[in-house]
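Before any comments, here is the structure.
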Amino acid sequence: MAKLSTTIAGLTFPNPVMPGAGPNVADGMLLQAAAQEGAGGLVTHTVSVLPAPNLPPYKEVRGGLLNNQLWSDKAVEEWIEHDYVEARAAADAAGIPLIINIGYTAEEVANLAPRVAPFADAIELTMHFMRESGGIMDDPVAAAEEGAQLLSSYLSRSTKPLTDAIQAAKAALDVPVFVKLNPLGGGEMAAVAKACEAAGADAIVAVNSFGPCFSIDLETGESILEGGDGQGWLSGTSLRALAMRCIFDMAREIKIPIIGSGGISRGVDAIETMMAGASAVQVCTQALKSGPKAYGRVAREIDKWLEKHGYSSVDEIIGLGVERWESLQPHDFSVPILYQEDECIGCNLCELSCHYDAIYMVGKLAEFNPERCFGCGLCVVRCPNTSLLMPQVTKDDQVIHPLSGEPVGMLRAGAGHLVETT
């Protein structure tokens, strides 16, 4: 059995799997269930100074869920009186940290932070719905109207609302402050994370759901989400590659820990996320679909994967993808794929995928011509086993086997894409 515990901002998590803030942890009872089912930490649903408008929250789309869930529709006073008490008791009984999620503006964070602090081992700030101005609103009708307007707005490109909220939380609290970020474009994610780090954030949680997005019911021709203009936010497995890119971008630029989220439904998803630089993961959509057993199941799958692959601790894989990337060259040039003929099963998928006539069937085996190979890798993606592999190239032009790490040749000087195999 591998060592699964991980430490983030001085807090020890027995395993790296916890809930993501959402309806899966909508009250104290669901948080108790998460602890009992093996979560390594607890994260509460987001609360703000007023309850969220009660909107129809979720519809399933291919690869995930589309939602217009805002924050908890329960008043913070109810959370303080009942749900945080239950969550604190569950966390203590399980020996795991309790992270309380609040939002959104600096004024609202300053109001909420001292009220929830007695229950929290850490605070998580959700920045999903940012407001450049405004603040605490005393009018529930105005709050509901603003909630509806927020469905058509998204994170401002200004980092000031983020840093103001972080500084407000740090001023009011003596526990770690985590910041949950939306997925952003290339280059933006690392810049925003660095701004959060400079403002005093103790960890980054990434990513929140993505949007606004839109989908139509083919039977009715109507948007699948009722209310407003039918737009909402996408979560689930369709978010995986975007989340991975965001985490990878940040891990190479910041020193504070990252908690990864976005489409994690299996142990291998968590492994990949941690290799990209995350120290732990959050699970939300999968728990909404299959219940709180998802947390413990993912943790057990991580353990089995580590043991099968010879790792004694989860620490050994955190940031492994970043380390490997930094030791290799990007494929800014064509490198022919590696063909292991003894692994070929004659499925013919490689020939169908190759647009350069570099690989073709001769009888029941594939024949490979490296001089024609453009190195696009499509045949590698289609290959059902390890007959076809994409080689890696080190900084000193050594070509290595992607699985064994053993050298297989050198780039020929002056020959561009050609590989001299050994």
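The values are calculated or read from the model by the stated rules, or taken from the named source; none is laboratory data. Computed from a predicted structure; not experimentally measured. No Cβ is skipped: glycine too gets one built from the backbone with ideal geometry, and neighbour counts run over all protein chains shown. The protein model used for the area step is the full one, side chains on, heavy atoms only, and it has no ligands, DNA or RNA in it. Shrake-Rupley method; radii C 1.70, N 1.55, O 1.52, S 1.80 Å.
Of all the numbered requirements in (1) over 25 Å from Asp202 (Cβ atoms); (2) touching a Phe, Trp or Tyr at 6+ places or on another chain (Cβ under 7 Å), Tyr104 misses one, and that requirement is (1). Within region 277-306, restricting attention to residues that are open to solvent by 10 Å² or more (accessible area, probe 1.4 Å) and assigned to a loop (DSSP other than H, G, I, E, B), which residue is nearest to Pro19 (Cα to Cα)? It comes out as Cys284.
Residue pairs whose Cβ atoms lie under 8 Å apart, sitting 6 or more positions apart in sequence or on different chains, and linking a residue in region 85-107 that is closer than 26 Å to Asn208 by Cα and acidic (Asp, Glu) to a partner that is open to solvent by less than 10 Å² (accessible area, probe 1.4 Å) and at pLDDT 95 or above, are Glu86/Gly28; Glu86/Leu31. Taking every residue in region 170-181 that is closer than 20 Å to Gln282 by Cα and open to solvent by 30 Å² or more (accessible area, probe 1.4 Å) and pairing it with any residue that is charged (D, E, K, R) and part of a helix (DSSP H, G or I), at least 6 positions away or on another chain, yields no pair with a Cβ-Cβ distance below 9 Å. One residue stands out in region 357-368 among those that are assigned to a loop (DSSP other than H, G, I, E, B) and open to solvent by less than 80 Å² (accessible area, probe 1.4 Å): the one that is nearest to Gln392 (Cα to Cα), namely Ala358.
Residues of region 247-270 that are open to solvent by 20 Å² or more (accessible area, probe 1.4 Å) and assigned to a helix (DSSP H, G or I): Phe248, Asp249, Ala251, Val268.
Remark: pairs (first residue in region 334-356, outside any helix (DSSP H, G or I); second residue of a type in the set (Lys, Arg); Cβ separation under 9 Å; 6+ apart in sequence or on different chains) = Pro336/Arg372; Cys344/Lys364; Ile345/Lys364; Gly346/Lys364; Cys347/Arg382; Cys354/Arg372; Tyr356/Arg372. If I filter region 215-227 down to residues being of a type outside the set (Val, Ile, Thr) and touching a residue at least 40 places away in the same chain (Cβ under 8 Å), which single residue comes out as least open to solvent (accessible area, probe 1.4 Å)? Across region 215-227, the extreme among qualifying residues is Leu225.
Rundown of residues vs (1) at pLDDT below 95; (2) touching a strand residue (DSSP E or B) at 6+ places or on another chain (Cβ under 6 Å), yes/no style:
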{"site": "Gly211", "(1), (2)": "yes, yes"}
{"site": "Phe214", "(1), (2)": "yes, no"}
{"site": "Asp217", "(1), (2)": "yes, no"}
{"site": "Glu226", "(1), (2)": "yes, no"}
{"site": "Gln231", "(1), (2)": "yes, yes"}
{"site": "Leu242", "(1), (2)": "no, no"}
{"site": "Ile247", "(1), (2)": "no, yes"}
{"site": "Ile256", "(1), (2)": "no, yes"}
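The numbered conditions (1) part of a helix (DSSP H, G or I); (2) open to solvent by 30 Å² or more (accessible area, probe 1.4 Å) are all true for Pro51 except (1). Entry remark, region 371-390: residues being more than 34 Å from the chain's Cα centre (by Cα) and open to solvent by 60 Å² or more (accessible area, probe 1.4 Å) number 2 in total.
Test Gly200 against the stated conditions and say whether it is free of Cβ contacts under 8 Å to residues at least 24 places away in the same chain and small (Gly, Ala, Ser).
No: the conditions fail for Gly200.
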